[in-house]
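Report on the structure given below.
The values are calculated or read from the model by the stated rules, or taken from the named source; none is laboratory data. Only a predicted model underlies this, so the values are computations on that prediction, with no experimental measurement involved. Because the Cβ atoms are built from the backbone with ideal geometry, glycine has one as well, and the counts that use them run over all protein chains shown. In case anyone asks, the SASA skips ligands and DNA or RNA and just uses the protein heavy atoms, side chains included. Shrake-Rupley method; radii C 1.70, N 1.55, O 1.52, S 1.80 Å.
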Number of protein chains: 2
Amino acid sequence: MKKIINTPEKYVEEAMEGIVAAYGDKVEFLNGDFRVIVSKNCRQVGKVGIVTAGGFGHLPVFLGYVGEGMVDACAVGNVFASPAYTKMEAAIRAVDGGAGVLCIYGNYGGDKMNFEQAIEDCEMDDITCKSVVVCDDIVSSPKNEWRKRRGVAGIVYVYKCAGAAAQQMYSLEDVSHIAEKAMKNVHTIGIALSPCIVPEVGETTFQIADDEMEIGMGIHGEKGIEISKMMSADEISEVLMEKLLTDVELQKGDEVSVMINGLGATPLEEQMIVFRRVAEILKGKGVSIFMPHIGEFATSMEMAGLSITLFKLDQQLKELLRFPANTPFYTNVNK
Amino acid sequence: MKKIINTPEKYVEEAMEGIVAAYGDKVEFLNGDFRVIVSKNCRQVGKVGIVTAGGFGHLPVFLGYVGEGMVDACAVGNVFASPAYTKMEAAIRAVDGGAGVLCIYGNYGGDKMNFEQAIEDCEMDDITCKSVVVCDDIVSSPKNEWRKRRGVAGIVYVYKCAGAAAQQMYSLEDVSHIAEKAMKNVHTIGIALSPCIVPEVGETTFQIADDEMEIGMGIHGEKGIEISKMMSADEISEVLMEKLLTDVELQKGDEVSVMINGLGATPLEEQMIVFRRVAEILKGKGVSIFMPHIGEFATSMEMAGLSITLFKLDQQLKELLRFPANTPFYTNVNK
């Protein structure tokens with residue numbers, strides 16, 4: 001296991017300490033607990049709080065988006081494991097400024113169960129909570145059962161739009177309506193080329209042959225829909241886009257933001273080659289691209305591969321996407 | 001060779017096309033030539049132009065820093081190979097706004113030879129040029145011959161400070177003085193855990209055993225100073241910092257920016273664990289950290305490993321580092 005770590009047991013805690021040591025001007029632990037990271041001034045009277053949570057090992061997701069204009073607090077689990085509901089509860093209580101709290105999280109059993117428990121407890125103390133569960137991974141369930149899909153990189157767009165709305169003091173109802181709309185407009189599909197190693201396990205999560213790739217694999221190594229021989233960048237782009245465009249209804253004149261998300265070990269150069277072909281395909285359909293996002297947004301440690309997310313935009317979502325944000329891993333300058 | 005590319009021959013061109021397709025609001029090709037990328041409005045009357053150049057395969061270095069507040073133009077070579085001097089010359093001519101041009105590049109034979117030729121040609125047409133050659137890799141030559149050292153990730157800090165000075169309309173003499181000061185204040189050392197593959201070659205640039213790492217390896221796979229058994233994150237941090245602190249004179253009360261630079265395949269989580277220990281070591285010496293940079297700044301495609309750069313600051317360099325910048329791969333919001 002070739003990882004730059006100390007011990008598997010300290011992996012999450014030490015990485016979290018590094019983040020707070022680096023970005024202490026933006027974020028801090030809640031009461032010294034590395035399991036809950038909050039934005040500086042995370043509780044603002046009259047502002048809707050935005051909370052998220054999830055397992056570790058996906059940086060920048062989830063906690064990396066805690067900061068100005070995005071998420072106010074994040075509960076952090078172990079690698080690929082949901083945090084305890086008590087941590088989510090602490091996060092919700094920490095950001096409640098009287099206007100209610102929106103919980104945005106990916107559609108995984110543990111996170112869902114724990115958030116529901118946390119919300120129930122908070123509501124007993126009259127904190128109004130709403131939830132938006134992100135389920136953007138199109139291969140993980142058919143379209144007619146899309147609420148069963150897993151949440152992957154598209155969550156970043158949901159944070160961005162909800163965070164911008166909350167920052168502008170929209171009501172809880174409006175912020176959650178926007179988050180729900182953004183969530184319904186994100187669709188993602190990925191491929192994996194190589195596995196990752198969970199530190200506490202010490203061996204690769206799955207095997208994949210030297211000349212093969214897996215289409216539709218989840219960010220925890222969940223089985224995809226097809227193992228195929230390695231394809232060229234253009235072929236990969238075409239195969240993934242074909243599946244996305246079957247799911248997303250796009251028409252001439254539509255605008256989308258495209259996210260090319262490296263899973264950890266895939267070079268930026270390769271992501272750019274994929275973006276090039278994706279842009280050509282969209283141009284061919286008369287669809288224009290607004291504020292593309294290319295880089296690492298939701299990873300699986302050292303997994304190689306990438307995902308493509310299409311985020312269908314309207315005027316409101318465009319303005320929210322453009323709104324300034326300043327977090328340790330996401331900076332947007334509105335020009 | 002498990003790369004998401006089309007053909008090795010088209011690797012650079014297609015990645016460059018992807019970059020311009022994505023960030024066409026910030027950068028463009030010079031006269032349609034993918035070998036020279038320029039910032040929008042790269043020529044401003046009275047502003048010193050900043051030009052760089054280098055081989056491909058190190059994204060975001062070099063061309064990713066072309067944009068507002070950093071670099072005005074970059075000539076782009078093949079993978080790990082210097083561009084032709086004619087491309088550097090075109091870049092210099094494109095950005096000359098009458099106040100002269102500063103060329104900032106890493107200390108490699110090809111880049112140096114070609115920049116010297118390009119500058120000679122431009123000066124015949126009365127474009128005043130100056131050069132700052134970055135040589136921050138401390139293991140590549142002893143301290144008393146530091147001008148022979150290779151240039152690595154520290155160049156990003158030199159771009160940042162010189163670019164901020166140029167943006168504020170400092171004279172060529174002042175901008176190059178600042179760049180030279182920044183260059184003398186950056187010191188870098190790296191480790192490699194796994195090799196990369198140059199697409200046109202199709203096989204790994206070197207071998208490294210499964211339980212080993214190489215200290216001091218260059219970003220093109222240049223031989224390091226020591227092959228050792230894999231160490232823990234804290235041990236790696238301590239070994240690298242010990243070597244850096246022998247070379248850099250730091251005293252209690254000094255301020256530095258620290259860059260933890262992933263070489264391509266090393267997860268952010270691991271970079272954070274290293275930063276944590278580096279911050280502890282500096283704190284122990286009474287040295288404070290200003291604006292740390294953690295992520296991928298100068299890579300070798302899919303190489304695993306990282307480098308640590310210390311950038312010793314004074315008041316002027318701090319202000320220049322804080323100055324806003326907005327390039328495809330580097331955004332700074334001055335707060």
For B:K130, the lysines lying under 22 Å Cα to Cα, once residues fewer than eight places off in the same chain are dropped, come out as B:K47, B:K87, B:K112, B:K148, B:K160, B:K181, B:K184
With all protein chains present and a 1.4 Å probe, the order of A:E235, A:E296 from largest accessible area down is A:E235, A:E296
Once the in-chain neighbours fewer than 8 apart are removed, the lysines whose Cα is under 26 Å from B:K2 read A:K2, A:K3, A:K223, A:K229, A:K243, B:K10, B:K223
In whole percents, the bins of 20 Å from zero upward hold the Cα-Cα pairs of the protein assembly as shown as 20, 55, 25, 1
Per chain B, sqrt(5λ) over the Cα gyration tensor eigenvalues, sorted largest first, in Å, gives 30, 24, 17
Inter-part gap, Cα centre of segment A:136-164 to Cα centre of segment B:261-286, in whole angstrom, is 32
From DSSP H assignment alone, runs of 4+ in the protein assembly as shown each adding -39500 (n - 2.57), the sum over residues rounded to the nearest 500 puts [θ] at 222 nm at -10000 deg cm²/dmol
Computed over segment A:218-335, the Cα gyration tensor eigenvalues, each multiplied by 5 and square-rooted, give semi-axes in Å (largest first) of 24, 20, 12
Segment B:172-245 and segment B:10-38 have their Cα centres apart by a whole-number Å value of 28
Stretched fully, the stretch from B:Q315 through B:T7 gains (0.36 nm per residue minus C-alpha distance, one decimal, in nm) 106.1 nm
Measuring from its Cα centre, the protein assembly as shown shows a charge dipole (+1 at each Lys and Arg Cβ, -1 at each Asp and Glu Cβ) which, in debye to the nearest 20, is 1160
For B:T86 and A:R147, extending 7 Å from Cα along the Cα-Cβ vector and measuring point to point gives, in nm, a value of 6.4
Computed about the Cα centre, the charge dipole of segment B:10-133 from +1 Lys/Arg and -1 Asp/Glu charges at the Cβ has a magnitude in debye, to the nearest 20, of 260
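So if I average 1/r over every pair of distinct C-alpha atoms in segment B:74-122 and take the inverse, what Kirkwood radius in Å does that give?
Averaging 1/r across every pair of different Cα atoms and inverting gives 10.9 Å.
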Label points for B:G32 built 7 Å along Cα→Cβ; distances to same position in the other copies, nm, shortest first, come to 6.6
Mean other chain Cβ within 10 Å across A:106-115 is 0
Taking Lys and Arg as +1 and Asp and Glu as -1, residues besides A:E13 with C-beta under 12 Å from its C-beta add up to -2
Treating only Lys and Arg (+1) and Asp and Glu (-1) as charged, each at its beta carbon, one finds that segment A:186-332 has a dipole about its Cα centre, in Debye to the nearest 20, of 640
Most packed first (mean Cβ within 10 Å per residue), the peptides A:116-127, B:151-162, B:78-89 order as B:151-162, B:78-89, A:116-127
Cα convex hull volume per residue for segment A:14-53, in Å³, equals 69
Output row, site A:R43, 7 Å Cα→C-beta label point, backbone N cut-off 19 Å, window segment A:81-101, residues A:86-101
The correct pair for segment B:140-291, radius of gyration to one decimal and Dmax as a whole number, both in Å and from Cα atoms, is 17.0, 52
note: segment B:104-230, Cα-Cα separations exceeding 22 Å make up a percent value of 48
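Quick one: accessible area per residue over chain B, 1.4 Å probe, rounded to a whole number of Å²?
Heavy-atom accessible area per residue stands at 35 Å².
Share of Cα-Cα pairs in segment A:271-317 beyond 17 Å, in percent?
42
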Interchain or sequence-distant (5+) residues whose placed amide H lies within less than 5 Å of the amide H of B:V79 are B:F56
One decimal, nm, nearest first: from B:E226 to the same residue in each other copy, label points 7 Å out along Cα→Cβ, the values are 5.1
Among segment A:188-214, those whose backbone N falls under 12 Å of a label point 7 Å along Cα→Cβ from B:D210 are A:203-204
With label points set 7 Å from each Cα along the Cα-to-Cβ direction at A:V333 and B:E226, the distance between them in nm comes to 4.1
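For the pair A:M113 and B:V201, what calculated FRET efficiency results from E = 1/(1 + (r/R0)^6), where r is the Cβ-Cβ distance and R0 = 41 Å, to the nearest 0.05?
In this case the efficiency is close to 0.25.
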With A:I208 itself left out, Lys, Arg at +1 and Asp, Glu at -1 over residues whose Cβ is under 11 Å from its Cβ give -3
Inter-copy distances for A:S141, nm, shortest first, label points 7 Å along Cα→Cβ, are 6.2
Taking a crude spin-label model, label points 7 Å out from Cα along the C-beta direction, the B:E249 to B:D126 distance in nm is 4.4
Taking Lys and Arg as +1 and Asp and Glu as -1, residues besides B:Y105 with C-beta under 9 Å from its C-beta add up to 0
Excluding ligands, DNA and RNA, the carbon-plus-sulfur percentage of the accessible area of segment B:186-329 with a 1.4 Å probe reads 47
Output field shielding_mean for A:317-329 (other chain Cβ, 10 Å radius) holds 1
Share of Cα-Cα pairs in segment A:18-136 beyond 19 Å, whole percent, is 37
Looking at segment A:190-206, residues buried by 30 Å² or more relative to their chain on its own, accessible surface at probe 1.4 Å, turn out to be A:L193
Sorted on mean Cβ neighbours within 10 Å (highest first), peptides A:204-211, B:98-105, B:55-62, B:6-13 come out as B:55-62, B:98-105, B:6-13, A:204-211
